[in-house]
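J.: Mind looking over this structure? Questions follow.
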């Protein structure tokens, strides 16, 4: 029974820590949380420590260190336990992991959410039509393959003439 | 211009991130820190390809260098992603998702500049002609690599030559460029970047990159 009580307590702590991470926003996309982006792969609080498993979106993402610091701070708000961060690369992060609610939040912030990432084996570059996040038009065109951050490309709407960021399928 | 400046920086950022993943793994095996690898090696301790240390030149030179590298990089990473060393495989699989995007962009620019104006075509052709000679060493297998290739840990450089050439030919054709008439490629036997024998350009790059930590060895950033 004692053991069961303990694991129940650890489960409750893990749930509280997950909830705390839900408040950590991506520093470069401060409208969505790192949980919604699919960066947090696992979280387990046990007897001695909380282990948070993260995966980077892009290898060179400069926000990685900031995210780690914010993860430590968030988990430390719900527990006194030590926080250990592990980084995993496999399976490689995909924009397909972004939660549906997060896609709506990106669009509301003027960032067109990513289309389906193409299958790893495919060698054919398919370009989906991208909805303008301002007016909804599909008459949009790519201006540049990279935008303000590694995860975005620059687009322009031919109907409302507004430029916008497009979260690249990856 | 601004967009492409940002794009080049973003590609560079991806490649730096990938380099850190490789150095982090090398550190675990070798014991030297990531920073020791990056900042405290001399040029003849670096094993990079001669191609990637060539100067930026004009934009056609920059794009040509990037494209010839990217096209090889995706093939190399695809093979490393199946390595029996799971750490190598996971780094390569991660990097491959980024490298695929890089080659789409750089090949697109080879086509736009090659099939552009007379001036852009001439510059793109000159850039391909000048860099071509440095591409041969991408496919040379060092004797030391053989056991690693046979153990399915490292990639077999020789096997990348045919698919690389086929892809490059297709892009050059679309770009209305011609494959360099002088097909001589530097294929080193003890005398290229992979053996630590570099052009003077690497020393200048390293001087800029290494000056801060060498001047202030305990600097933190």
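J.: Using the count of nearby Cβ atoms within 10 Å as a rough guide to exposure, how do B:82, B:117 rank from fewest to most?
T.: So the residues, fewest neighbours to most, are B:117, B:82.
J.: Then there is this: For chain B, what is the convex hull (Cα atoms) projected area averaged across all directions, in square nanometres?
T.: Across all orientations, chain B yields a mean hull projection of 12.8 nm².
J.: On to the next question. For the residues B:62, A:87, what sequence is obtained by ranking on other C-beta atoms within 10 Å, fewest first?
T.: The order, fewest Cβ neighbours first, is A:87, B:62.
J.: At residue B:209 and residue B:141, where each label point lies 7 Å from the Cα along Cα→Cβ, what is the point-to-point distance in nanometres?
T.: Going from the residue B:209 label point to the residue B:141 one covers 2.8 nm.
J.: Also, I was wondering about something else. Between residue B:86 and residue B:197, 0.36 nm times their residue separation minus their Cα-Cα distance comes to what?
T.: The residue B:86-residue B:197 span can extend by a further 36.9 nm.
J.: Only bridges whose two residues both fall in the protein assembly as shown count here: according to DSSP, what percent of them are antiparallel, nearest 5?
T.: Here the antiparallel bridges make up roughly 65 percent for the protein assembly as shown.
J.: To the nearest whole number, what is the average tally of beta carbon atoms from other chains within 10 Å of the beta carbons of peptide A:54-66?
T.: 4
J.: Per DSSP helix of 4 or more residues, -39500 (n - 2.57); summed, then divided by the residues of chain B. What does that give at 222 nm, rounded to the nearest 500?
T.: -20500 deg cm²/dmol
J.: Distance from a point 7 Å along Cα→Cβ of residue A:109 to each backbone N in segment A:30-47: keep the residues under 19 Å and list them by number.
T.: Residues A:30-41 fall inside that zone.
J.: Could you give the semi-axes, largest first, of the ellipsoid that matches segment A:98-167, computed as the square roots of 5 times the alpha carbon gyration tensor eigenvalues and rounded to whole Å?
T.: Gyration-tensor ellipsoid for segment A:98-167: 19, 15, 12 Å.
J.: Pop the C-beta distance of residue B:166 and residue A:156 into the FRET formula with R0 = 25 Å and round what comes out to the nearest 0.05.
T.: E(calc), rounded to 0.05, equals 0.10.
J.: Within 10 Å of each Cβ of B:84-94, how many other protein chain Cβ atoms are there on average?
T.: Taking the mean over all residues of the peptide, I get 3.
J.: Based on the alpha-carbon set only, what is the convex hull volume of segment B:37-84 divided per residue, in Å³?
T.: 102
J.: Can you give the FRET efficiency to the nearest 0.05 for residue A:10 and residue B:220, using r as the Cβ-Cβ distance and R₀ = 30 Å?
T.: The value I calculate is 0.25.
J.: Within 10 Å of each Cβ in B:5-11, how many Cβ atoms from other chains are there, averaged over the peptide?
T.: Mean number of neighbouring Cβ atoms from other chains: 5.
J.: Rounding to the nearest 10 and keeping the result within 0 to 90°, find how far the Cα-based axis of helix A:64-76 lies from the longest principal axis of chain A.
T.: Value to nearest ten degrees: 40.
J.: What is the calculated FRET efficiency for residue B:29 to residue B:173, with r their C-beta to C-beta distance and R₀ = 45 Å, to the nearest 0.05?
T.: 0.55
J.: Then there is this: Between residue A:49 and residue A:73, with labels modelled 7 Å along Cα→Cβ, what's the label distance in nm to one decimal, could you check?
T.: With each label point 7 Å from Cα toward Cβ, the separation is 2.2 nm.
J.: Take the alpha-carbon positions of the protein assembly as shown, form their convex hull, and give its projected area averaged over all directions (one quarter of the hull surface) in nm².
T.: The orientation-averaged projected area of the Cα hull of the protein assembly as shown comes to 22.8 nm².
J.: Computed over the Cα atoms of segment A:2-87, what is the ratio Rg over Rh, Rh following Kirkwood?
T.: Rg divided by Rh gives 1.00.
J.: Now for a separate question. When you have a sec, figure out the Kirkwood radius of segment B:62-178 from all distinct Cα pair distances and drop it here in Å to one decimal?
T.: Answer for segment B:62-178: a Kirkwood hydrodynamic radius of 15.0 Å.
J.: I would also like to ask the following. Counting each pair of different Cα atoms once, what's the Kirkwood radius of segment A:29-170 in Å, rounded to one decimal?
T.: Roughly 16.6 Å, rounded to one decimal.
Rule-based calculations on the coordinates, nothing more; no lab input. From a predicted model like this one, the values you see are computed outputs, not experimental measurements. For neighbour counting, all protein chains shown are included, and Cβ atoms are generated from backbone atoms with ideal geometry for every residue, glycine included.
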